[in-house]
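The values are calculated or read from the model by the stated rules, or taken from the named source; none is laboratory data. From a predicted model like this one, the values you see are computed outputs, not experimental measurements. Note that we place each Cβ from the backbone using ideal geometry, even for glycine, and neighbour counts take in every protein chain shown.
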Amino acid sequence: MKKYLFILFAALFCTTPLAAQPGVASQEWQILNGDTLPNIHIRPVWIFSRGADLRRYRKLVAAVKRVYPVAKIARARMAEMEAELQRLPTKREQKAYIRGVYQQIKEEYTPIVKHMTRTEGKVLLKLIDRETDYTAFEVLREFRGGFIAGFWQTVSRVFGQDLKSEYDAEGNDRLLEQIVRHYEAGLL
């Protein structure tokens, strides 16, 4: 009986294809100056010179994981609001619609925003600019008015934030852009 089980096991094991690296189905090859070279895709590796940089990176990753879904919802809401405002004929109806949406957003997101850290708040402002192509100040000015936007800009400056800060994917926010791309790809 043991002999038959061994033969059955050996037959199953030998018919199963073996691969040295799971997940690599095929390898691409490139011919360069008469030489055949393999193209191997390697995941990016982050190298930090100091521990503080690693802590900052991890803090940004945690902030993006918590805040990016809110920024995506903000983009969808902005598109929905702009379409609805184009449909409404009078300024009075537009203002009433904006007040209604403002109250709805305030009720829904006040508990979330109250429990954010300063880093998460900064990241949220940057990601809203990234997703909507409007700074938080421009959104406030457009939908709530210039006076209210100026008031909240002053309050945010007191606490070290800036509603007018723009998202710069190639400059200061390069690391944040890389983190967002990795998050969107499901690598984080």
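Please count how many residues of the stretch 155-187 are surrounded by fewer than 14 Cβ atoms within 10 Å (Cβ to Cβ) and more than 15 Å from Lys122 (Cα to Cα).
Total meeting the criteria: 7.
Go over the candidates Glu93, Glu82, Glu131 one by one and state the one that is buried (at least 17 other Cβ atoms within 10 Å of the Cβ) and out of contact with any Gly (no Cβ under 8 Å at 6 or more places or on another chain).
Matching residue, one of Glu93, Glu82, Glu131: Glu131.
Residues of the stretch 143-173 being under 16 Å from Thr132 (Cα atoms) and either in contact with a Leu (Cβ under 7 Å, 6 or more places away or on another chain) or without any contact (Cβ under 8 Å) to a residue 12 or more places away in the chain (or both), which ones?
Within the stretch 143-173, Leu163, Ser165, Asp168 meet the criteria.
Answer yes if at least one residue in the stretch 138-148 is loosely packed, with under 12 Cβ neighbours inside 10 Å and either out of contact with any Asp or Glu (no Cβ under 7 Å at 6 or more places or on another chain) or not small (Gly, Ala, Ser) (or both), and no otherwise.
Yes.
Restricting attention to the stretch 71-100, report how many residues are of a type in the set (A, V, I, L, M, F, W, C) and free of Cβ contacts under 8 Å to residues at least 40 places away in the same chain.
The number of residues fulfilling the criteria is 7.
Would you confirm whether or not the stretch 63-76 contains a residue that is surrounded by 10 or more Cβ atoms within 10 Å (Cβ to Cβ) and at pLDDT below 85?
yes
Got a sec? Which helices (runs of 4 or more DSSP H) wholly within the stretch 95-188 have at least 1 residues that are more than 16 Å from the chain's Cα centre (by Cα)?
118-132, 136-144, 146-158
Go through (1) in contact with a Lys or Arg (Cβ under 8 Å, 6 or more places away or on another chain); (2) surrounded by 12 or more Cβ atoms within 10 Å (Cβ to Cβ) for Val113 and report which single condition fails.
(1)
Looking at the structure I just gave you, is Glu107 among the charged types (D, E, K, R), at pLDDT 85 or above and surrounded by fewer than 12 Cβ atoms within 10 Å (Cβ to Cβ)?
So Glu107 passes the test.
Out of curiosity, is Glu28 at pLDDT below 85, within 27 Å of Arg181 (Cα to Cα) and acidic (Asp, Glu)?
yes
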